[in-house]
Each structure stands twice: as structure tokens, then as C-alpha cells.
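The values are calculated or read from the model by the stated rules, or taken from the named source; none is laboratory data. If you're wondering where the values come from, they're calculated on a predicted model, not measured in any experiment. We place every Cβ from the backbone using ideal geometry, glycine too, and count neighbours over all the protein chains shown. Please note that ligands, DNA and RNA were not included when accessible areas were found on the heavy atoms of the full protein model with its side chains. Shrake-Rupley method; radii C 1.70, N 1.55, O 1.52, S 1.80 Å.
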There are 2 protein chains.
Amino acid sequence: MCAGDDRDCPQFELHRQGLLEELDSERRSFLKSAFAASGGAAAAWAAGATVGPASAQSAARPGKPTYHYLPATDETVHWGYFSKLLKPQLEIDSGDYVTIEALTHHANDDAERMIKGDPGAESVFLWTKEKKGVDRRGAGPVYIRGAEPGDILEVRIMDVKPRPCANPAYAGKAFGSNAAAWWGFHYKELITEPKPREVCTIYEIDATGQRNWAQAVYNFRWTPQTDPFGVVHKTIDYPGVPVDHGTVQKNHGVLKNVRIPIRPHFGVMGVAPKEADYVDSIPPGYFGGNMDNWRVGKGATMYYPVAVPGGLFSIGDSHASQGDSELCGTAIECSLTGTFQLILHKKNALIGSLAGLNSPLLETQDEWVLHGFSFANYLEELGPKAQSEIYEKSSIDLALKDAFRKMRAFLMTTKGLSEDEAISLMSIAVDFGVTQVVDGNWGIHAIIKKSLFAGASV
Amino acid sequence: MCAGDDRDCPQFELHRQGLLEELDSERRSFLKSAFAASGGAAAAWAAGATVGPASAQSAARPGKPTYHYLPATDETVHWGYFSKLLKPQLEIDSGDYVTIEALTHHANDDAERMIKGDPGAESVFLWTKEKKGVDRRGAGPVYIRGAEPGDILEVRIMDVKPRPCANPAYAGKAFGSNAAAWWGFHYKELITEPKPREVCTIYEIDATGQRNWAQAVYNFRWTPQTDPFGVVHKTIDYPGVPVDHGTVQKNHGVLKNVRIPIRPHFGVMGVAPKEADYVDSIPPGYFGGNMDNWRVGKGATMYYPVAVPGGLFSIGDSHASQGDSELCGTAIECSLTGTFQLILHKKNALIGSLAGLNSPLLETQDEWVLHGFSFANYLEELGPKAQSEIYEKSSIDLALKDAFRKMRAFLMTTKGLSEDEAISLMSIAVDFGVTQVVDGNWGIHAIIKKSLFAGASV
């Protein structure tokens, strides 16, 4: 019998349900003991996931995978970058489970709904004249024991849940913010006045899981906001700036009766790149990162090439919903909690789909999804100034070329097809879509259905 | 009671089934009488649909829509262009039904399987030293009475069926060809020798409707082919060149056991543009044409802005299956027969979704799909040399911008949203995909689910 982790098991769904229930119960007892013992330990965040000392959090079961839980606090998140130099706060073994809380970096667009009453969020978003809960430099990611460059890290997304609002005024609800911002594809194309402008729309999500759609609550035009340090932000140029609701005009009744299907997922998930010590978490790349593919949700599995010792796995940029392209610059940015199983595949034992994998691969129940970028590895291809130059070279034409090359390699390597077979198949049965056009290194994904190969002997 | 043509009728599916049965029976009796009377009359083709004299083909029913049938012959097809100057061979009234046979222009890649024994296909593909069945100039399209510039033509796709192979050796089967050709996105990117090369893969489809997948039969590398006039074609530079199977090497067992889900649809469907007398049928535009969206299949409805008197509706480029992007230059090019109902919406009576529509709009059961191109109207935007220059300016970056603008206009016009509402909604609930990157005027489509508005009062 599988432990809810073997997709080939005929009773996988049943077993997985059992596992999740087990995890839930473990979480509650862990939280109880952890908070009693140490006052809470670990957390994850916007573009990063971190964990406190492993000993304090692990509910180790001899002979079984260990389960770790990581609440979000100011002590554990890292924000806005990846780094191979980060000190991991949690070390886990291949096969272990980790539940990670991710807080949206847009929570301060409406602190009443997304921060107030939530100790973790309050600690992370604390910002006074004297002190800031989390600056650009924060805590470290998840270290997978034994992971080395050339290995593949498999991440199974067991569950994704919205973070309930802690403010009693909004019990049972969760909230997110969509910012139509200056980095959006639409920004220079506005047709109505005033131009240009940035607009935040606050969305409500049902935290109880009863409803599978979100709805707009209100929107407001961004006005210059002064942060607690006294810096004025004329545009949305720094995440987490507290919006003073006395300075903005709220428009209620927007998108009235429109129901947005939810697609909870992590915009950011990946490992640390090797090319630079500190890497901006905005542009995605071979290491994953800010891919912004809404298919990276519950039930999906990601595969990443490990680039540095320990892998250094992070998650963040949690979204309640997003369309292919993330056109206006953001999704419904919403705090989420995810449960993952991390499995390490050593390079010497790689077979089939994973052999030679040099970019993030997504597996859903029905599909394989490859990810092309304007530059497959912009950090290497664009040289020392890569991290600024990538924003000047954004192109979906290039991203399509990369996606094509990757799908061809996938079909030739994992399905044993000739180049001619792979190319014909790509034209008649692979769907190419626009992942995002707002993250510097723009993305095109290529989707092929597993059912094509259901009758194949390969 | 609806006549199988009112989607809002609760029993639409039942009524439509009844209608289709009626159409089938009408088709048989019409064919019988028509061939007895005149030896057959009308046909449709690659980039065009045509019909013989209306009197000979219409099975007029007083007070009911008229049904027309259009078999493909050398007398009725037009090939490779649209033209407002074409003499319509059929005139119909709004609400009429038309069944049109489309022959794939790749049939001569394997004449044994796609032409032999089929009188219509044999007449169209006839090519001897002395005579060619259909040259670049052929017969005319369907004229809709009363259609004027500014009106909208609605085309409901009632049914799409593969054309069964007429060769007794392949009874019950249908065939198509996929050509990985020089205009494909992959062509300059090949990694295996010989480079460059063009490859045709022949696919088999079940003509009885029992199987919903296609499979490869064999492939061959293109070798220089000498046409009956003595012209040597080193590459696939002219559609319909008969391939001499003595000169190519067939590779059997390709894509072994791979099952391609079929998506029968018309790559080309649209009306005649007004900007030029003769318009190459390869680049799509505001008039529809070679959009190559596989969603244009059974059950879907297309809306086109009428540009010239009578509309001049054509179909062609029939496909058994295609992926988003049509990467290698073609789909599974396969002869299909479609049944359509054509409904004219006069410009003065346009409301809701159709008001101000200036580009092709696709409606499926669950979705609205807008079509962006590198240039929304390349014929107008690129001037007198538009028809050659468009091939030098292909860009999906531009196509995304156009798709974004069109979806914004659609949401603002038909759903009454403000620009800010439309832009937020596009980022969180609209999926942008790559329609095609092989037709000069490259395409991005934008999909929004109807269910978003199910609870809306608009």
C-alpha cells in the first residue's frame, strides 16, 4: 500500500486523503507543542521558504518520512531574492513532507483584511519609524540532505489552502489583491484617463473551501504612499508598502456578480541558482522561481534541476487565481499554505523523463508541461549585467523558441522519438501558451497530454 | 420549439440532432436528384467554398431555412486567395444551412489514400501535361443576400466529418498529411542531419467516427518533385504537387502507438476582405481566413465583420488535428465536410457582444475567444506591399498586444466593464495562447470562460 505518495497506486486518491488527514492532525499537535516549547519557529514567504531549526519542528517517525511545519514569521522568511549563500534553517531528507505558509507581499494593500489579527503576518509586515519586520534580506530556504548539482528535485504539491483572514470582522473569508501595475503589459496602452495609473483590486475568497470562485470587493487607484521610514512611493515600487486607506478612494461594486474561478498556486517555487550570489526573484529561469504558471497547484508535481548543494528549495508569490499571461503584472495575490513532499533523484540514477532535464518540468494528472523563457538561462547568457539587462530583452517570440526546443528534447529523450516524429507531434498535439509577460524573462509553456502515450510501449 | 438552431432552447441538443438527421436525409435525396439533373454542381476547397447555381441545389422549404449542399469538384473551388471580385456561385438567405465539402490541399502527398476513387477529389487534383483541374484561379464563394459592410455574419458549425477514403483498399478510413515545411517555426532550428529538410507524415483517421484519435502511418523526407508541367519543386513551394512515391523513402512505424486526439476543424473560414482585389489566403486578418484555431470545430460559432456586399463566405484548410501554434507549418491536413448555418446580423440591429465587433470572434459552448494578430488589419496597416511585407514582420509579441486590446474592448463593450475592471479580469481569468506562428500574420488568442458571467446581471 502506498502512503498517499504513489500516483501509480490504484487507490492513490484514497491513500492521499488519509495522508492529508494525518498531516492535519500532526499539524495541530505539532503547532501545540512547538508553540508551547519555542513560541513558533519557522516560516515561508513571498519569494522564499524557510524553516527554523529542524530539531524544534520535526515530528520524526522512525522508518517513515518526517513531517515538518513552517509557520510564517519575521524570523524565517526571505524576500525578493534567491541565494546559494543563504543559511538553511531546515534540513530535510528526501521523502519528507513540509507544510509551508506563504504570505502574499501585497497584504499591505488592505491590512485590515490580510494582516490584522494574524501574528505571523503582523510580525512579517511590522514596519514603524524605527523598525521593519523583514527587510530585503531575510532568513534561509529548505536544504535537502544529499542534494548536489546535477540531481533532480521532485516537489509533489499535496495540498494548497487559502490563509483565512484573522480579523474577526471577516471570519471564514480570505482576501487577495490584484495590482495593475507599471510593469504590466497594459500600462503604456491605457485608453481611459487618467493615464498612466495603477489600480489595486481587492478580491474575496471563501476560506472554508465551500466556494470555488473569488469575487471583487472594491478597487482603488494608487496614490503616492509614504512608508514609515518617510519614503514616498509614487508608484508601486516596493512590495509591502502600507497603503493608507485615508488617501485612496475605494470604488465598491466593481466586477459586480462576476465570479472568478480560483486556481490556487504558487507563482514562485524553485531552487537556488548557482550563477550569482544574490539573484533577484522576479525573473524565472532554469531553477524555476517566478514562473507564474497557475497549473503549479494542488495535485501537480514540479521537477527542478539542482544547481547548488542542498538544492535550497523556496516557495512564495502565492496566488488565488491567474490567467495565462498575468497580463497586468500580478494575479490575485493571496496568502496560501502549501503541503509538499520533496523527493531527491540522484543524477546517477536518473532515467526516463528526468534524464538530462535542465529546466523546470511540470506534471499534472493529465499533462506534461515544459517551460520556455526569453532566455533559458539568462544569468549565464547575458553575462555580469544579466539581472538588469533581462528586463530590456523580454520577448515571447524568444520564449516560444525556447519552449519548442525544450519540448523537442523532452519528446526525443523521454519518449524515444526521432526529431522528425517530435516535430510533427508538436505541430498537431502540443499546445503552446503564454505563461507570463511581466517577469522580465517572459514565458511560454508547452503542454502535451499524457494520454497520447497511454498505448505506447515506450 | 427551436429548429435545432436556438442555443437558448432547453432542448437544443435534441432538436439539433433532429435537424442533423433531417439534413442527412435531405442531403441524400438532394444528391440523388441533383446528380440526376445536372451531374453535380457545387464544391468547396482549400482556401475557399463555392456553390453552383442556387436553383440547381437548393431544397427550398417554404417558411423554413433552405438547405444547400456543395460537393467538391473542379468547377467550384477557389484556391489560395480571397477576392471580393469572385462571382458567387451560390446565393443564400440568412438562416440557411450549407453543407460544404473541403478537400485538403495536401491530398497529393499520398494520392492513393486521399484522392484515388473519389470523383470530386480526382477532378480537383487532375494534373496532366496538358491540363490542371484547378489552377490558382478558381470558382467563387457563398453570397449571403442582404449582407453589407458593417454587418456581422454568424456561422454556426453544426457538424464536421472526415471525408472517407474512396479507395476500397482503405475502406472505413480517412487520411491526412502533416508537412514539416520550410515555413515552419522549427525549420532553421533542426538539430539532426540532414539539415534543412522537409518531412511529410501521413496520418490515419477513423472515418466511421468510432475512434477519437489519429495515428501515424509513415513519414518520408521531401525530395525534389517534378510536376506534370515539368517544373521541379525542390521544396514544398506549391500545394498539390503530386508526390511520386517512387522517389521518396517511406519510414513505417513512426510515432508507434502514439494516439493523437482529433480536433476536426477548418483552418480557414471567413469572408472576403475589402482592401485588395486579390488577397493571399495565407495570412489571417479581421476577415478571418487562415486563423488556424483548432477550436473552430463542431458546436462552435464564429462571428465575422462583413467587409464587402454579400459577405462572400469561404471555408477551407481542413484539419483533423492541430496544436496551439501549428509549429511545423501544417496540421493533420485532412479533407472534411462541414455543415453550417449562416445568420446575418444587420449593422443597425447589432447589440451586446456583436456591437462594434471588428475582428473574428469565436464562441464555444463554454468560452469566448478573441483573436489577436501581429497586425489587426495588415492589408490596411502595411500599405500597398502589405501582402509581401507581412511575412517579414511576423511577431507574437505584437499579436499579444492586439489580443489584449481586443479582449479589453470586448469586456468593456459587451460586459459593460470599466477599463480597470477589464484589465484586472484579464490578468486573473483570461488565458492567452499561441494560435499559430506560421501564417505570416501570427496569432495569439484570448479565452474567457462564459461561466464568469453566469451570475451577472449584465
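State, to one decimal in nm and shortest first, how far the label point of A:Gly172 sits from each corresponding label point in the other identical copies (label point: 7 angstrom along Cα-to-Cβ).
Those separations, rounded to one decimal, come out as 5.8 nm.
List the residue from chain A whose beta-carbon is nearest to the axis that rotates chain A onto chain B, together with that distance in whole Å.
Here the nearest residue and distance are A:Gly433, 2.
Return the residues of the range B:413-458 for which accessible area with all protein chains present is lower than in the chain on its own by 40 Å² or more; set the probe to 1.4 Å and exclude ligands, DNA and RNA.
The answer is B:Glu419, B:Asp420, B:Glu421, B:Ile423, B:Ser424, B:Ser427, B:Ile428, B:Asp431, B:Phe432, B:Val434, B:Leu452, B:Gly455.
With +1 on each Lys and Arg Cβ and -1 on each Asp and Glu Cβ, how big is the dipole of the range A:301-458 about its Cα centre, in debye rounded to the nearest 20? Write out the running numbers ahead of the final one.
Numbers: 11 positive and 18 negative charges, 115 e Å.
About 560 debye.
Less than 15 Å apart at the alpha-carbon level, and either on another chain or at least 8 residues along: which aspartates and glutamates does that give for B:Lys234?
Those aspartates and glutamates meeting the cut-off are B:Asp109, B:Glu198, B:Asp244.
Quick one: which residues, 5 or more positions from B:Lys274 or on another chain, have an amide H under 5 Å from its amide H? H modelled 1.01 Å from N in the peptide plane, none for Pro or chain starts.
none
For a quick check: with amide H placed at 1.01 Å from N, whose amide H comes under 5 Å from A:Thr73's, ignoring anything fewer than 5 positions away on the same chain?
It is A:Ala43, A:Ala44, by chain and number.
Sorted from largest down, what three extents in whole angstroms do the Cα atoms of the range B:183-333 have along their principal axes?
49, 42, 31
Carbon and sulfur together cover what percent of the accessible area of the range B:346-458 at a 1.4 Å probe radius? Show your work: numbers first, answer last.
Working: 2000 of 3990 Å².
Carbon and sulfur together cover 50 percent of it.
Determine, at each q value in 0.16, 0.19 (inverse angstroms), the log₁₀ of I(q)/I(0) that the Debye formula gives when each Cα of the range B:382-458 is one equal point scatterer.
For the range B:382-458, the Cα-only Debye profile gives -0.66, -0.81.
Plugging the Kirkwood radius over Cα pairs into Stokes-Einstein for the range A:62-118, at a temperature of 4 °C and a viscosity of 1.567 mPa s, what D comes out in µm²/s?
Working: Rh = 13.9 Å.
Once the numbers are plugged in, D ends up at 93 µm²/s.
Tell me, what HN-Hα J-couplings in whole Hz come from the Karplus equation 6.51 cos²θ - 1.76 cosθ + 1.60 at θ = phi - 60° for each residue of the range B:280-291, using x for Gly and Pro?
For the range B:280-291, the Karplus-derived couplings read 3, 7, 6, x, x, x, 4, 7, x, x, 7, 6 Hz, x marking Gly and Pro.
Rounded, prolate or oblate: which fits the range A:234-300, taking a ≥ b ≥ c as square roots of the Cα gyration tensor eigenvalues, rounded meaning a/c under 1.5, else prolate when a/b beats b/c?
On the way: a/c = 4.02, a/b = 1.43, b/c = 2.81.
Oblate shape, in that a/c is at least 1.5 and b/c is the bigger or equal ratio.
From the backbone phi of the range B:233-242, what are the Karplus-calculated ³J(HN,Hα) couplings (6.51 cos²θ - 1.76 cosθ + 1.60, θ = phi - 60°) in whole Hz, Gly and Pro given as x?
Here the 3J(HN,Hα) series is 10, 5, 10, 7, 9, 8, x, x, 5, x Hz.
Given a 1.4 Å probe, how much area per residue of the range B:60-127 is accessible, in Å²? Could the numbers behind the result be given before it?
On the way: 2270 Å² over 68 residues.
Computed with neighbouring chains in place, this is 33 Å² per residue.
Can you tell me which lysines have their Cα less than 16 Å from the Cα of B:Lys298? Leave out same-chain residues fewer than eight positions away.
Qualifying lysines at Cα under 16 Å: B:Lys161.
Pop the C-beta distance of A:Thr226 and A:Glu367 into the FRET formula with R0 = 51 Å and round what comes out to the nearest 0.05.
Details: r = 47 Å, r/R0 = 0.92.
The calculated FRET efficiency here is 0.65.
For a quick check: with amide H placed at 1.01 Å from N, whose amide H comes under 5 Å from A:Ala214's, ignoring anything fewer than 5 positions away on the same chain?
A:Ile260, A:Ile262
To the nearest 10 square angstrom, how much accessible area does A:Ser418 have with a 1.4 angstrom probe?
Roughly 50 Å² of A:Ser418 is accessible to a 1.4 Å probe.
Anything over 20 Å Cα to Cα? Flag those among A:Lys116/A:Lys173; B:Lys87/B:Lys346; A:Lys256/B:Lys406; A:Lys274/A:Lys346, in the order listed. Show your work: numbers first, answer last.
Values: A:Lys116/A:Lys173 13 Å; B:Lys87/B:Lys346 23 Å; A:Lys256/B:Lys406 22 Å; A:Lys274/A:Lys346 18 Å.
Where the Cα-Cα span goes over 20 Å, the pairs concerned are B:Lys87/B:Lys346; A:Lys256/B:Lys406.
What is the range B:311-431 by shape, rounded, prolate or oblate, if you read a ≥ b ≥ c off the alpha carbon gyration tensor as root eigenvalues and call it rounded for a/c under 1.5, prolate for a/b larger than b/c, and oblate otherwise? Present the calculation step by step, with values, prior to reporting the outcome.
On the way: a/c = 1.42, a/b = 1.21, b/c = 1.18.
Rounded.
Any idea of the total accessible area buried by the A-B contact, 1.4 Å probe, rounded to 100 Å²? Can you show the working numbers first?
Numbers: alone 19450 and 19500 Å², together 33500 Å².
Summing both sides, the interface buries roughly 5500 Å².
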